[in-house]
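The values are calculated or read from the model by the stated rules, or taken from the named source; none is laboratory data. What you see is a predicted model, and the numbers here were worked out from it, not measured in a lab. With ideal geometry, Cβ positions are generated from the backbone for all residues, glycine too; neighbour counts draw on all protein chains shown.
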Amino acid sequence: MTNINTLRIAAIMAVISASSSAEDISQVGRLHGESWSEDHRRINMGMSSLMHKRSSRSTWR
């Protein structure tokens, strides 16, 4: 077996083993994370702070 085939098989096995793990990582990017990190992202995007967002009245009342 050549070196390129060995690397190809190793890459395929790595993908298969990562995708068949019991942990569901499909929604990791959609999680907000810690409050301080969400607040930091909001401030950097020019939005109001998380404290202001949470304390403001809802428009659906």
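Annotations
Each row is one residue, and each column tells you yes or no for (1) among the hydrophobic types (A, V, I, L, M, F, W, C); (2) modelled with pLDDT of 85 or more.
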position: R8; (1), (2): no, yes
position: I16; (1), (2): yes, no
position: R41; (1), (2): no, yes
position: M45; (1), (2): yes, yes
position: S48; (1), (2): no, yes
position: R57; (1), (2): no, no
position: R61; (1), (2): no, no
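- Look at segment 37-61: where a residue is among the acidic types (D, E) and assigned to a helix (DSSP H, G or I) and a partner is modelled with pLDDT under 90 and surrounded by fewer than 12 Cβ atoms within 10 Å (Cβ to Cβ), sitting 6+ places away or on another chain with Cβ atoms under 9 Å, you get E38/H32; D39/M51.
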